[in-house]
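Some notes on the structure that comes next.
The values are calculated or read from the model by the stated rules, or taken from the named source; none is laboratory data. The model shown is predicted, which means the values in this text are computed figures rather than measured ones. Here Cβ is always computed from backbone atoms with ideal geometry, including for glycine, and neighbour counts include all displayed protein chains. Surface areas here come from the heavy atoms of the whole protein model, side chains and all, with no ligands, DNA or RNA. Shrake-Rupley method; radii C 1.70, N 1.55, O 1.52, S 1.80 Å.
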Amino acid sequence: MAGDEGTLVDHQELLTDQSTGIDDQIASLERLVQASREQLINQFVIMERTQSQLNQQLQFLLLQIGQGS
């Protein structure tokens, strides 16, 4: 029976190591997702600003066309 206990302890240590590794992978993936989220938000803000500027330019051009007629 003493040999079996050693095997169980070894197995428990292996499972603990695997669990720790999985936790590390999860934390790494969460950091990656957060970085991607922040990048997408920043790109969306830039897109909205650009769209607003284009709309302002369109309004200006429409006014110019209207005054020229």
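Worth a mention:
- With all protein chains in place and a 1.4 Å probe, the accessible surface of the chain carries 59 percent carbon and sulfur.
- Length available on full extension from GLN56 to ASP24: 0.36 nm per residue minus the Cα-Cα distance, which gives 6.7 nm.
- Compactness of the chain, taken as the C-alpha radius of gyration over 2.2 N^0.38 Å, stands at 2.71.
- Principal-axis tilt of helix 2-68 within the chain, Cα atoms, nearest 10 degrees: 0
- Dipole in debye (nearest 20) - the chain, about Cα centre, beta carbon charges: Lys, Arg +1; Asp, Glu -1: 1100
- Entry comment: accessible area of the stretch 3-69 is 92 Å² per residue, from protein heavy atoms only and a probe of 1.4 Å.
- Toward the positive end of the charge dipole of the chain, with +1 on the Cβ of Lys and Arg and -1 on the Cβ of Asp and Glu, the farthest Cα among LEU14, VAL45, GLN57 is that of GLN57.
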